[in-house]
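Visitor: Structure below; questions to follow.
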């Protein structure tokens, strides 16, 4: 290829769009970056979020005390509007035959597009069961799951049994975790379901495991290793967080921690709410210190359950928002492909809770490339309390947070979308150009996601001398991958499409 372009400073000052500041709200989503939606007259609470490969956003939760809506799943388009092709005008509900209320805490998206939720449902006035519902990709209940799309199981005939977390194994089996009340004590409770919703008898013989560890314990988060081992995180008696690891058959992995468990205690008391497994197998635990002085807190464990002393101070980090030095509640955790860590939750803002997110470098220090100081606060409804419970990455690296917002009219689903990337190998969003590009800098591979305005476009990559290196057609809305096979240095990615101005993005190859 012998084509060259003349590169001038004027050319690039006109065509290279500014990168959105990581952590800021994305104004292309909803109303200035946020969406509030009421599905009923009562209290609607979103507890889980995931993003489909096509960019549409699934949010799951429940309407409190309403036996007709213990499960709500809504699907939003990438601009924050409800997707009318899903359920009834963008949302779907499920209820159980008991006619008692329930709560949905978690959700997973299967590779085939079906959606599984988990929580608990009351079977009578005094007793609750683990429950799960599966929806088809159009929002209808999947009759191949439990016969009507719904299942519920207890650990005993009576007792309070609730699933707080859900995870999907590589083979399609579904793991639920929470607590089981047995013999007047709260145990760790774990169930595994087959793909049809029946209990998996390969898991401890009857599909159920209840673990008593001397203290009352409840699981709040779950992750599954590539070898099938199950990592559980929660809180014991509101004093210590715990990380318990099970083998794939449900037995305790005694090679992890002490007898299968590591206690996490920071600042005197710690609540564990979130977990993520890094690419190197280390375990990240997110939550908050507990007591009068509550701050966001992270711990990182090695694969054997010992603390990773290269992280923070002795394996842990405590960080509060600068506005008020207490009343911070860490609830959700994400790890970027470059190893940086997002911890989200609620923080006090003028005496009201607001969405608060911190980003840390892989060593536990705050990432100043995230809104300037590693911290952002987004108050959705001024003067009222907002509370996020879940976060998810979009394919373009933007971050979606879901939870609740209160106002004069009640409590509703609340979603925000923040710009991601920044600080090295993250995603660069070029809002004016309608394209996301990452990583930048890169070691060679480049991901590019153009929006619908780039229909029929061509992408061309030039080196610093104007020599054409790559040329290929683009599919709008789909991720494409480009390899920079030349030497390290500066490259320019040019996008051209009929009827619109071309754009150029500068990329560094290391």
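The values are calculated or read from the model by the stated rules, or taken from the named source; none is laboratory data. All values derive from a computational prediction rather than experimental measurement. When we count neighbours, we look across all protein chains shown, and the Cβ atoms used for this are built from the backbone with ideal geometry, even at glycine.
Visitor: Does residue 241 qualify as being farther than 25 Å from residue 48 by Cβ and in contact with a strand residue (DSSP E or B) (Cβ under 8 Å, 6 or more places away or on another chain)?
Guide: no
Visitor: Within segment 246-270, can you find the residues that are assigned to a strand (DSSP E or B) and either surrounded by fewer than 21 Cβ atoms within 10 Å (Cβ to Cβ) or touching a residue at least 40 places away in the same chain (Cβ under 8 Å) (or both)?
Guide: Filtering segment 246-270 down to residues assigned to a strand (DSSP E or B) leaves 246, 252, 258, 261-264, 270.
Within segment 246-270, 246, 252, 258, 261, 262, 263, 264 qualify.
Visitor: Among the numbered criteria (1) over 20 Å from residue 132 (Cβ atoms); (2) under 25 Å from the mean Cα position of the chain (by Cα), which one does residue 239 miss?
Guide: Among (1) over 20 Å from residue 132 (Cβ atoms); (2) under 25 Å from the mean Cα position of the chain (by Cα), the lone unmet condition for residue 239 is (2).
Visitor: Kindly indicate the residue of segment 54-67 that is touching a strand residue (DSSP E or B) at 6+ places or on another chain (Cβ under 7 Å) and either part of a loop (DSSP other than H, G, I, E, B) or modelled with pLDDT under 90 (or both) and also farthest from residue 83 (Cα to Cα) among those meeting that condition. It would help to see each step written out before you state the result.
Guide: Let us first name the residues in segment 54-67 that are touching a strand residue (DSSP E or B) at 6+ places or on another chain (Cβ under 7 Å), namely 56-64.
Pick out the ones that are also either part of a loop (DSSP other than H, G, I, E, B) or modelled with pLDDT under 90 (or both) and you get 56, 63-64.
On the way: 56: 8, 63: 20, 64: 24 Å.
Checking each candidate, the answer is 64.
Visitor: Could you tell me which of the residues 373, 367, 328, 304 is without any contact (Cβ under 8 Å) to a residue 60 or more places away in the chain, farther than 16 Å from residue 272 by Cβ and buried (at least 16 other Cβ atoms within 10 Å of the Cβ)? Full working, then the answer.
Guide: On the way: 373 fails: buried (at least 16 other Cβ atoms within 10 Å of the Cβ); 328 fails: farther than 16 Å from residue 272 by Cβ; 304 fails: buried (at least 16 other Cβ atoms within 10 Å of the Cβ).
Step by step, each of 373, 367, 328, 304 is checked, and only 367 is without any contact (Cβ under 8 Å) to a residue 60 or more places away in the chain, farther than 16 Å from residue 272 by Cβ and buried (at least 16 other Cβ atoms within 10 Å of the Cβ).
Visitor: Can I ask one more? Let me confirm something: among 414, 390, 402, 385, which residue is within 15 Å of residue 45 (Cα to Cα), surrounded by fewer than 24 Cβ atoms within 10 Å (Cβ to Cβ) and touching a strand residue (DSSP E or B) at 6+ places or on another chain (Cβ under 6 Å)?
Guide: Step by step, each of 414, 390, 402, 385 is checked, and only 385 is within 15 Å of residue 45 (Cα to Cα), surrounded by fewer than 24 Cβ atoms within 10 Å (Cβ to Cβ) and touching a strand residue (DSSP E or B) at 6+ places or on another chain (Cβ under 6 Å).
One line per residue, one yes/no per condition, for (1) at pLDDT 95 or above; (2) surrounded by 20 or more Cβ atoms within 10 Å (Cβ to Cβ); (3) farther than 28 Å from residue 333 by Cα:
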| site | (1), (2), (3) |
| --- | --- |
| 170 | no, no, no |
| 193 | yes, yes, no |
| 201 | yes, no, yes |
| 244 | yes, yes, no |
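Visitor: Sort out which residues of segment 24-42 are assigned to a loop (DSSP other than H, G, I, E, B) and either within 20 Å of the chain's Cα centre (by Cα) or more than 23 Å from residue 63 (Cα to Cα) (or both), and write them in order of number. Talk me through it step by step, then tell me what you get.
Guide: Step one: list which residues in segment 24-42 are assigned to a loop (DSSP other than H, G, I, E, B), which gives 24, 26-30, 32-33, 38-42.
Result: 24, 26, 27, 28, 29, 30, 32, 33.
Visitor: Where residues in segment 449-495 are surrounded by fewer than 16 Cβ atoms within 10 Å (Cβ to Cβ) and either in the same structural domain as residue 55 (by TED's automatic domain parsing) or part of a helix (DSSP H, G or I) (or both), which of them is modelled with the highest pLDDT?
Guide: By that ranking, first place goes to 453.
Visitor: Right, residue 134: at pLDDT 95 or above and within 23 Å of residue 300 (Cβ to Cβ) or not?
Guide: no
Visitor: Another question, then. Looking at 124, 128, which one is surrounded by fewer than 19 Cβ atoms within 10 Å (Cβ to Cβ), more than 16 Å from residue 93 (Cβ to Cβ) and in the same structural domain as residue 102 (by TED's automatic domain parsing)?
Guide: Of 124, 128, the one residue that is surrounded by fewer than 19 Cβ atoms within 10 Å (Cβ to Cβ), more than 16 Å from residue 93 (Cβ to Cβ) and in the same structural domain as residue 102 (by TED's automatic domain parsing) is 124.
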